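Undergrad: The structure is given below, and queries will be raised subsequently.
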Amino acid sequence: AEGILHAVTEYDPISYHAAGDTVAGFHYELLTAFAREHGLKCDLSAEMSFGKQLEGLKQGKYDLIAYGLLATSELKDSLLLTIPIVLNRQVLVQRKDTAHGDTLAIANQLDLAGKTVHVVKDSPAMLRIRNLGDEIGDTIYIHEIERYGAEQLISLVAHGDIDYAVCDESIARTALDSLPQIDISVAIGFTQFHSWAVSKQSTALLDSLNSWLETYEKSKAYHTLCRQYGLSPVIPNRSATSSQ
């Protein structure tokens, strides 16, 4: 009604970040394009806690959670998810094996049995890690970190403060150049669709987003944006089935 789209995202190299006087990020630029086409101003907030994002959406502080959310059945029960925006997966971040027979080195998912992995508090990745524990028939301990985002967790692994973290592959890849001592070769899950989310009451906004995304994802601008941030685009028409 006031002509402002209130959105929340994460502050990281993929979603939204500031570099000097420049503001950039895949989800920031995608959201800006949507708002511009619909004659809206965009008020974007950065919040690393997924729990606080959900609470803000529930209270009406935010209209939209605008970064890559894994389209799980759990989220579908409480939110309306847009059609897929990108493809992504969760990976394990660890230090490279520098010593033969290093007991810390994780070569495959089975090696995670009995290990403790760190994730951002309330991260949707927790569900996948629990399911992985069931699949390998052993416990994978999860330590939630409230103070930091994925970028900071990767740095903690690189400098030996923690041994393992789990985060989106796209974010982990951005850290490889500056932190060559990390290894992200072990995937925690399959490549899956990631979406934005609105509240259950925001059906009109969901319809507007889906209609725009179906057209935008066929454009050169969308594929250029994906390449710029090292993301895998969804296949045109494959995204036509809503994740709601």
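Undergrad: Only one residue in Ser73, Ser78 is free of Cβ contacts under 8 Å to residues at least 12 places away in the same chain and open to solvent by 60 Å² or more (accessible area, probe 1.4 Å). Which one? Break it down stepwise before answering.
TA: Values: Ser78 fails: free of Cβ contacts under 8 Å to residues at least 12 places away in the same chain.
When all the criteria are applied, what remains is Ser73.
Undergrad: Now, a different point. Taking the criterion of being of a type in the set (D, E, K, R), surrounded by fewer than 23 Cβ atoms within 10 Å (Cβ to Cβ) and in contact with a Pro (Cβ under 9 Å, 6 or more places away or on another chain), would at least one residue in region 19-40 satisfy it? Don't jump to the end; show me each part of the working.
TA: At the first step, the residues of region 19-40 found to be of a type in the set (D, E, K, R) are 21, 29, 36-37.
Checking the rest, the ones that are also surrounded by fewer than 23 Cβ atoms within 10 Å (Cβ to Cβ) come to 21, 29, 36-37.
Narrowing further to those that are in contact with a Pro (Cβ under 9 Å, 6 or more places away or on another chain): none.
Taking every residue of region 19-40 in turn, none turns out to be of a type in the set (D, E, K, R), surrounded by fewer than 23 Cβ atoms within 10 Å (Cβ to Cβ) and in contact with a Pro (Cβ under 9 Å, 6 or more places away or on another chain).
Undergrad: From the set of residues in region 136-190 that are acidic (Asp, Glu) and farther than 22 Å from Ala46 by Cβ, which is modelled with the lowest pLDDT?
TA: Kept after step one, since they are acidic (Asp, Glu), are these residues of region 136-190: 138, 144, 146, 151, 161, 163, 168-169, 177, 183.
So of that shortlist, the ones also farther than 22 Å from Ala46 by Cβ come out as 138, 161, 163, 177, 183.
Working: Asp138: 95, Asp161: 95, Asp163: 95, Asp177: 87, Asp183: 95.
Top of the filtered list is Asp177.
Undergrad: Identify all residues within region 180-199 that are among the small types (Gly, Ala, Ser) and open to solvent by less than 40 Å² (accessible area, probe 1.4 Å); write none if there are none.
TA: Step one: list which residues in region 180-199 are among the small types (Gly, Ala, Ser), which gives 185, 187, 189, 195, 197, 199.
Correct list: Ala187, Gly189, Ser195, Ala197, Ser199.
Undergrad: Does any residue in region 185-213 that is over 22 Å from Ile154 (Cα atoms) come within less than 9 Å, Cβ to Cβ, of a residue that is part of a helix (DSSP H, G or I) and acidic (Asp, Glu) six or more places away or on a different chain, and which pairs are these?
TA: Filtered contacts from region 185-213: Trp212/Glu37.
Undergrad: Ok, one more. Test of understanding: among Leu64, Leu44, Leu92, which residue is open to solvent by less than 10 Å² (accessible area, probe 1.4 Å), touching a Phe, Trp or Tyr at 6+ places or on another chain (Cβ under 8 Å), more than 23 Å from Ile184 (Cα to Cα) and not β-branched (Val, Ile, Thr)? Talk me through it step by step, then tell me what you get.
TA: Details: Leu44 fails: open to solvent by less than 10 Å² (accessible area, probe 1.4 Å); Leu92 fails: more than 23 Å from Ile184 (Cα to Cα).
Within the list Leu64, Leu44, Leu92, the selection yields Leu64.
Undergrad: Name the single residue, out of those in region 138-179 being free of Cβ contacts under 8 Å to residues at least 24 places away in the same chain and in a loop (DSSP other than H, G, I, E, B), that is most open to solvent (accessible area, probe 1.4 Å). Before you say what the answer is, go through the steps one by one.
TA: The initial filter retains those residues of region 138-179 that are free of Cβ contacts under 8 Å to residues at least 24 places away in the same chain, namely 147, 152, 159, 161, 176-178.
Cutting the leftovers down to in a loop (DSSP other than H, G, I, E, B) gives us 147, 159, 161, 176-178.
Working: Arg147: 193, His159: 116, Asp161: 106, Leu176: 56, Asp177: 148, Ser178: 88 Å².
It comes out as Arg147.
Undergrad: All but one of (1) farther than 19 Å from Ile83 by Cβ; (2) at pLDDT 95 or above; (3) open to solvent by 70 Å² or more (accessible area, probe 1.4 Å) hold for Asp207; state the number of the condition that does not hold.
TA: Tallying (1) farther than 19 Å from Ile83 by Cβ; (2) at pLDDT 95 or above; (3) open to solvent by 70 Å² or more (accessible area, probe 1.4 Å), Asp207 fails exactly one: (1).
The values are calculated or read from the model by the stated rules, or taken from the named source; none is laboratory data. Remember, it's a predicted structure, so these values are computed and weren't measured experimentally. A quick note on method: Cβ atoms are made from the backbone with ideal geometry, for glycine too, and the neighbour counts reach across all protein chains shown. In case anyone asks, the SASA skips ligands and DNA or RNA and just uses the protein heavy atoms, side chains included. Shrake-Rupley method; radii C 1.70, N 1.55, O 1.52, S 1.80 Å.
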